[in-house]
1. Rank Leu179, Leu161, Leu15 by mean-square fluctuation in a GNM of the chain with C-alpha springs under 10 angstrom and give only the top-ranked residue.
2. Search the structure for amide H atoms under 5 Å from the amide H of Ala119, placed 1.01 Å from N in the peptide plane, and list their residues when 5 or more places away or on another chain.
3. What's the longest piece of the chain with no exposed GluC sites (Glu not before Pro), counting a site as exposed if DSSP puts it in a loop and it has at most 16 other beta carbons within 10 Å?
4. What is the Cα centroid distance between the stretch 215-233 and the stretch 117-131, reported in whole angstrom?
5. Subtract the Cα-Cα distance of Trp232 and Ala6 from 0.36 nm times their separation in residues, and report this length gain in nm to one decimal.
6. Using a basic spin-label model with each label point 7 Å from the Cα along Cα→Cβ, how many nm lie between His93 and Ser143?
7. Once label points are set 7 Å from the Cα along Cα→Cβ at both Asn122 and Val18, what is their separation, rounded to one decimal in nm?
8. Looking at the chain, which longest stretch skips every one of the chymotrypsin sites (Phe, Trp or Tyr not before Pro) that is in a DSSP loop with at most 15 other Cβ atoms within 10 Å, leaving the sites themselves out?
Amino acid sequence: MRLDAAFGVVTDLRLGFVGGLWPTIIAIWHVPSLLFQPLEISRIFMSHVWDLYGDSADEAGRAVKNGLITPHAYGVVLDLGAGHGHTINYLDHSRVTKYVAVEPNVHMHAKLRRTASAAGYNEDAGTLLILPCGAENISTILSYLPAPHPPVDTLISVLTLCSIPSPQSTISSLVTEVLKPGGQMLFYEHVLSEREDVVWWQRFWTPLWGIVFDGCRLDRPSHRWIEDVGGWEGETGECLFWHRVGRLVKA
Ligand SMILES: C[S@@+](CC[C@H](N)C(=O)[O-])C[C@H]1O[C@@H](n2cnc3c(N)ncnc32)[C@H](O)[C@@H]1O
Ligand SMILES: *[C@@H]1O[C@H](CO)[C@@H](O)[C@H](O)[C@H]1NC(C)=O
């Protein structure tokens, strides 16, 4: 792997770190007891990092999301790690009856709610539900959704499977217990490379990357874990939405 590609993440690490650092220090200054809540500090930090990166990550994925989410999402949609709600702008309101956001970082909820409301989804009308738990918290997710179970028509994950705990069992439980038969999972994730030299660098950077980006791992084969759940209709072992990170310029 070329060194400039291998070290390309350093800019993001530096910008993310510096961008998250000052607002987080100010938050701790106002509430010193945060010093004893490392998880809370990490979430405050991530909410500011995503202020910096959310829009550009969305921009980079726009073409894929336009083809993946807009024509396919319908019914009750569950968005894993909804963040600031970037996925909402890809939903066709005439076909999506309810948007359920699973977002454990409560510091992201205000923006998420604003984005949803601008798109016509709100809690009063029963078209919006924001759950402050993690994707792995299946029993809480189910407890907020009315029977019959499984309750969800469309499960969406955009850049989230990289940071959930116990990803394999979480994905499997979500598909088995939360997704209706006939329902679909739409995902757009950065994943483990198929090139050994790139994998070496993904593993090299992951510990540091995870500190700045809320536990995000660069080395997860999330797409394979989704396929491995099995029971997909017309299963072929193929995965359409392969997401590789890179920049290609025609010679
Ligand atoms: C990289 S952001 C992506 C946000 C959004 N999906 C988007 O496309 O803009 C990852 C999100 O996953 C959330 N997250 C972290 N741990 C999670 C968990 N255990 N379950 C669900 N979401 C989680 C983070 O709070 C963050 O909002
Ligand atoms: C599940 O989510 C609820 C509500 O946010 C929380 O009180 C509970 O501690 C969570 N449980 C686990 C196992 O994460």
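Rule-based calculations on the coordinates, nothing more; no lab input. Small disclaimer: the values here were computed from a predicted structure and weren't measured. Neighbour counts are summed over all protein chains in view; Cβ atoms, including those assigned to glycine, are modelled from backbone coordinates with ideal geometry.
1. Leu15
2. Those lying under 5 Å, H to H, from Ala119: there are none.
3. Details: sites that count: Glu123, Glu194, Glu233, Glu235, Glu238.
No qualifying site falls inside 1-122, the longest such stretch.
4. 29
5. On the way: separation 226, 0.36 × 226 = 81.36 nm, distance 3.55 nm.
Working it through step by step, the gained length comes to 77.8 nm.
6. 3.2
7. Each label point is offset 7 Å from its Cα along the Cβ direction, giving 4.0 nm.
8. On the way: sites that count: Phe7, Tyr144, Trp232, Phe241, Trp242.
Between the exposed loop sites, the longest stretch runs 8-143.
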